[in-house]
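Peer 1: Got a structure here, written out as structure tokens. Questions coming.
The values are calculated or read from the model by the stated rules, or taken from the named source; none is laboratory data. Just so it is clear, the model here is predicted, and its values are computed rather than measured. We place every Cβ from the backbone using ideal geometry, glycine too, and count neighbours over all the protein chains shown.
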Amino acid sequence: MSVTKIVITGGPCAGKSTALARIRQEFTEKGYTVLVASETATELILGGISPSSLDSRVEFQRYQLLLQLEKEKIYDRAARFLKAEKVLVVFDRGLFDGRAYIDEPDFEALLKDVGATEQELFAHYDAVFHLVTAAKGAEAFYTTANNEARSETVEEAVMIDDRTIKAWENHPCRVIIDNSTGFEEKLQRLIAAIGQI
């Protein structure tokens with residue numbers, strides 16, 4: 001049995017939702033059983049737990065990190081019990097996305113609180129794929145209308161995208177998919193990059 005675990009991350013309005021649907025379709029056709037874990041931050045925000053509803057952004061990131069860790073345990077266990085030869089587990093964002101939203105010392109303190117090092121948590125994923133926000137190079141397509149948890153301006157989206165790239169920079173297998181082509185080609189480059197893993 002082969003289990004591959006990847007993260008799809010990126011800035012706001014980068015095409016992650018569309019990419020997740022395409023990944024499921026493409027890799028199911030290739031004979032994989034594909035599991036997709038939804039974005040933890042969006043789950044919390046839509047459930048009424050948001051950075052603005054709490055005393056601090058750090059506390060929100062603590063909840064997000066703890067919930068993400070639990071979800072990953074469940075998906076990892078379920079993947080190993082499936083009646084399948086090849087399993088692809090896809091996380092819509094991962095453990096290090098929260099690093100883009102708080103200061104580095106605060107994030108390091110959260111890692112210490114959960115008793116894990118950066119290297120141990122990076123080992124949860126075989127690869128990380130960063131889709132660059134439309135706010136960088138495809139500004140005409142940037143919108144907040146397709147995600148009720150998204151409220152960032154173009155400038156904020158660029159900043160978050162840059163910080164997210166930095167958050168994952170030490171992962172040994174990180175691929176950045178930019179907006180140098182049209183969106184369909186961007187998706188095709190992503191699928192090809194995942195296929196190489």
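Peer 1: Could you look through the stretch 1-38, keep only residues that are charged (D, E, K, R) and farther than 21 Å from Leu67 by Cα, and pick out the one that is surrounded by the most Cβ atoms within 10 Å (Cβ to Cβ)? Spell out how you get there, then give the answer.
Peer 2: As a first pass, look at the stretch 1-38 and keep what is charged (D, E, K, R): 5, 16, 22, 24, 26, 29-30.
Keeping just the survivors that are farther than 21 Å from Leu67 by Cα gives 22, 24, 26, 29-30.
Numbers: Arg22: 16, Arg24: 16, Glu26: 19, Glu29: 8, Lys30: 12.
Checked the stretch 1-38; the qualifying residue surrounded by the most Cβ atoms within 10 Å (Cβ to Cβ) is Glu26.
Peer 1: With more than 16 Å from Tyr125 (Cβ to Cβ), within 13 Å of the chain's Cα centre (by Cα) and of a type in the set (S, T, N, Q) as the only criterion, which of Gln64, Gln68 stands out?
Peer 2: Gln64
Peer 1: With the checklist (1) surrounded by fewer than 18 Cβ atoms within 10 Å (Cβ to Cβ); (2) in contact (Cβ under 8 Å) with a residue 60 or more places away in the chain in hand, flag the one item Ala41 doesn't pass.
Peer 2: Answer for Ala41: the failing condition is (1).
Peer 1: Scan the stretch 40-55 residue by residue and report those that are touching a helix residue (DSSP H, G or I) at 6+ places or on another chain (Cβ under 8 Å) and assigned to a loop (DSSP other than H, G, I, E, B).
Peer 2: Ile49, Ser50, Leu54
Peer 1: Contact list please: Cβ distance under 8 Å, first residue in the stretch 102-113 and more than 14 Å from Lys166 (Cα to Cα), second residue basic (Lys, Arg), pairs at least six apart or on different chains.
Peer 2: Sorted first by the residue in the stretch 102-113, then by its partner, the pairs are Leu110/Arg62; Asp113/Arg62.
Peer 1: If the requirement is being over 18 Å from the mean Cα position of the chain (by Cα) and not acidic (Asp, Glu), which of these qualifies: Lys83, Lys73, Lys5? Working first, answer last.
Peer 2: Numbers: Lys73 fails: over 18 Å from the mean Cα position of the chain (by Cα); Lys5 fails: over 18 Å from the mean Cα position of the chain (by Cα).
Sole residue among the options that is over 18 Å from the mean Cα position of the chain (by Cα) and not acidic (Asp, Glu): Lys83.
Peer 1: Ok, one more. Tell me which residues, restricted to the stretch 129-149, are under 16 Å from Gly98 (Cβ atoms) and modelled with pLDDT under 95.
Peer 2: Ala149
Peer 1: Could you tell me whether the stretch 157-167 includes any residue that is among the aliphatic types (A, V, I, L, M), outside any loop (DSSP other than H, G, I, E, B), in contact with a helix residue (DSSP H, G or I) (Cβ under 8 Å, 6 or more places away or on another chain) and under 21 Å from Gln25 (Cβ atoms)?
Peer 2: no
Peer 1: Among the residues of the stretch 139-146, is there at least one that is touching a strand residue (DSSP E or B) at 6+ places or on another chain (Cβ under 9 Å) and farther than 18 Å from Gln61 by Cα? Write out each step before concluding.
Peer 2: Just the residues of the stretch 139-146 that are touching a strand residue (DSSP E or B) at 6+ places or on another chain (Cβ under 9 Å), to begin with: none.
No.
Peer 1: A follow-up question, please. Might you check whether a residue that is out of contact with any strand residue (DSSP E or B) (no Cβ under 6 Å at 6 or more places or on another chain), of a type in the set (Asp, Glu) and more than 19 Å from Cys173 (Cβ to Cβ) occurs anywhere in the stretch 108-127?
Peer 2: Scanning the stretch 108-127 turns up at least one residue that is out of contact with any strand residue (DSSP E or B) (no Cβ under 6 Å at 6 or more places or on another chain), of a type in the set (Asp, Glu) and more than 19 Å from Cys173 (Cβ to Cβ).
Peer 1: Still on this structure, I have one more. Report the residue count in the stretch 14-39 for those that are in a helix (DSSP H, G or I), over 18 Å from Tyr125 (Cβ atoms) and not small (Gly, Ala, Ser).
Peer 2: Here the count works out to 6.
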